[in-house]
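Take a look at the structure below.
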Amino acid sequence: MDAGGLTLNIMTLGGLALGVGMLVDNTIVMMENISRHQRLGEGTLDAPINAAAEVNSAIVAATSTILAAVLPFLFVTGLVGLLFRELIYTLSAAIVGSLLVALTLVPAYSARVHDSKQSRFRDAVDTVIAWLGERYGRFIARFIVPKPGVPLVVFAPLLAISLQVFFVGKQVFLPPMDEGRVSVSVIGDAGMQLDELEVTVRKLEALFREQPDVATVFTIAGGRIFGRSEYQSSNRSTLKVQLVPVAQRIGNTEDWVKRMNKAISKLGLAGVRLRMRVRGVRGVRTSSGDDDISLRVQGPNITELARIGDQVVARLDGVEGVRNLTHTYEENREELAVRVDRDRAADLGVSSDDINRALRVALDGLVVTDFLEGDRSYKVRLRLPRADVASAESLGNVPVTLRQGVPVRLHDVTRIELAPAPSEIMRDRQRRIVEISASLAQDASIVLVTQRIEERLAGLELPAGYTLYDQGSFKTLQQGRRLGYQLLALALFLVFVVMAVQYESLRNPVVILLGVPFTVIGVAAGLWATGMPLSMPIWLGLIMLAGIVVNNAIVLIEQIEIERERGSELDDAIATAARLRLRPILMTTLTTVVGMSPLALGIGEGSEMLQPLAVAIVWGLTFSMLVTLILIPALYRLMHVHLSRRATMDATSQQPAA
């Protein structure tokens, strides 16, 4: 962390929390094998050496697969890389450290420490594990080895059913985080002055401050601020409400918004429109606009864009799951349009500079002097009374210059009128656009809402030169989903390459890799049980599982290969290896699951971001234990049975005839 310039934050601590159970996996495999050799009566020095020689390659392969699965995340750019890079960096460094400890310190210390004491508890545990190992070995020998196709027939339909969750279920880019931040936009009628709007804003402030769940209320009057840009408008105000932490209030932020909408409706506020929306994580934007839904129409003419915006809003009105529907140009304001009669101005000898100066003096005034008070200086501005320039007619009476002693006034050389104009002009890639934005209702699916929107807009015809496109959360979701597919495929490929290099063969890596897709069954069960939507942390969990779930399979297949090298037949080697490796498989799986359980339970503030990741790993890893114990032996026999038969036939043919 120090080398990477990382700090202690929710992501780095989350990486450490995820790694708590995984860090001991390598040590467990090494210690269990050393203890087994010691129980077999080997010497203090021989037991660690022989045990380490058996599992060194398995431990290196298992750790390499995890790193191969997660390291591509370090090269991902954009929001996903920004959010999860620190977590992956911290987790990878911890896993590498655990590998070094398991290969060096654990065998060295085991040679010095020989545990000869047996407590009753340990005797009981050893008895139970031994009993389970014997029963499991018999189960493999009796049911799995003779009929290796049966487990595949059982698991395959479950996999097909589970895949539906990833295509039909609710999907979001990031899980919602309840930070208690609410934005309230107050929009008055066109032409409303700031002091009139202030009365309404004061009522809202008083209402919010009366609520026990409210910590602070911050008001921006006379416009709004977006980033470093400031937009002034006398009929606009924004209230930013910060609620107390989740543990100190009843219900979530969405519930609070619903209560406030009901309370505001009882105030009977006239001449204003209110839009309340829950704000997400500060600095994290999943949409190019301010809201979840952001449809944009690009074109050259603002008037036509405003007409299209009205048309789209009318079509989308009443769509289920959509609220706070609005577009950029639905609010117009009146501005003074001064058009110079150039011929008349030339006859009277009035220039454009003279007209500009007269307008500036009439509307803004001129700084004529400074007023000094102590060490402070105040500018003194001289301007006309507001009543003299309150309308277009009165402004036309402002003199511009004198012609032969007769004043030439503005209405003599210009035409002044009030013209409607948009309050702001939006551009995307230097082209004018109208943005139709809306918020998602609570528990609404962005995928289903987008489908309903597409159905409503199916018959919309745009003029030539105008284009409709999506810049909302759905586009970000699609990009994240494509990235998840790519990273998952890359992780599986890298895991396969690492195992192929380790084994110098393709057969065993294929057996191990065939068990990975069935992990989806456990993840789907976890999503169904918890009601979580499919999100980017879930995809990260799947990618990590691609490297984690192969660990137990590697340990099991390594032992099968060792037993076969010692002269055991294929079926006997599978049953013996299954019995010997049951204990480390149970221990590594349970330690990882238990270590990630607090994060999966979502305890504490800020846990919403990493809870889906932990849920995916806990449920997926738990089910993968069944895959390793039942399906992997069956797949191994299916892949090696022909070779075993061929070797037997070759050995028989080479025997001399009697």
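The values are calculated or read from the model by the stated rules, or taken from the named source; none is laboratory data. The structure displayed is predicted, hence computed values, not measured ones. Heads up, the Cβs are rebuilt from the backbone with ideal geometry, glycines too, and the neighbour counts pull from every protein chain shown. Only protein heavy atoms, including side chains, enter the accessible area calculation; ligands, DNA and RNA are left aside. Shrake-Rupley method; radii C 1.70, N 1.55, O 1.52, S 1.80 Å.
Here are the numbers for this structure:
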{"read-out": "Net lengthening on full extension, Thr401/Leu159 (0.36 nm per residue, minus Cα-Cα)", "value": "78.4 nm"}
{"read-out": "Portion, in percent, of the accessible area of region 487-629 that falls on carbon or sulfur, probe 1.4 Å", "value": "65 percent"}
{"read-out": "Kyte-Doolittle at least 1.0, axis length at least 27 Å by Cα - qualifying DSSP helices, the chain", "value": "46-70, 78-100"}
{"read-out": "Mean accessible surface per residue for the chain, computed with a 1.4 Å probe while every protein chain stays in place, in Å²", "value": "51 Å²"}
{"read-out": "Potential extension, Gln479-Ser352 segment - 0.36 nm per residue separation minus Cα distance", "value": "40.4 nm"}
{"read-out": "Percentage relative contact order, the chain, counting C-alpha pairs under 8 Å, at least six apart", "value": "22 percent"}
{"read-out": "Peptides 451-463, 520-532 ordered by average Cβ neighbours within 10 Å, highest first", "value": "520-532, 451-463"}
{"read-out": "Using a Förster distance of 60 Å, the FRET efficiency for Arg342-Ala263 (Cβ separation, nearest 0.05)", "value": "0.55"}
{"read-out": "Proximal lysines to Lys258, defined as alpha-carbon separation beneath 25 angstrom and excluding residues fewer than eight positions away on the same chain", "value": "Lys170, Lys203, Lys240, Lys266"}
{"read-out": "Using a Förster distance of 25 Å, the FRET efficiency for Glu320-Ala215 (Cβ separation, nearest 0.05)", "value": "0.15"}
{"read-out": "Cut-off under 5 Å, modelled amide H: who pairs with Ala441 long-range", "value": "Val322, Arg323"}
{"read-out": "Region 1-147 - percent of accessible surface contributed by carbon and sulfur, probe 1.4 Å", "value": "66 percent"}
{"read-out": "Aspartates and glutamates with Cα under 20 Å of Lys262, excluding same-chain neighbours fewer than 8 positions away", "value": "Glu205, Glu210, Asp213, Glu254, Glu320, Asp443"}
{"read-out": "Protection proxy ranking, peptides 271-278, 243-250, average beta carbon neighbours within 10 Å, highest first", "value": "271-278, 243-250"}
{"read-out": "Gain upon complete extension [Arg333, Leu152; 0.36 nm per residue less C-alpha separation]", "value": "58.3 nm"}
{"read-out": "Calculated FRET efficiency for the pair Arg120/Glu504, C-beta based, R₀ 45 Å, to 0.05", "value": "0.45"}
{"read-out": "Per-residue ³J(HN,Hα) for region 268-276, Karplus 6.51 cos²θ - 1.76 cosθ + 1.60, θ = phi - 60°, Hz, x for Gly and Pro", "value": "x, 6, 9, x, 9, 10, 10, 10, 10"}
{"read-out": "Computed over region 385-456: relative contact order in percent, which uses C-alpha pairs under 8 Å that are six or more apart", "value": "15 percent"}
{"read-out": "Most to least packed among 34-45, 98-109 [average Cβ atoms within 10 Å]", "value": "98-109, 34-45"}
{"read-out": "Spacing of the two label points (7 Å from each Cα toward its C-beta) at Glu198 and Arg427, in nm", "value": "3.5 nm"}
{"read-out": "Loop sites in region 501-582: trypsin sites (Lys or Arg not before Pro), DSSP, at most 14 other Cβ within 10 Å", "value": "Arg566"}
{"read-out": "Per-residue [θ]222 nm for the chain (sum of -39500 (n - 2.57) over DSSP H runs n ≥ 4, rounded to 500)", "value": "-17500 deg cm²/dmol"}
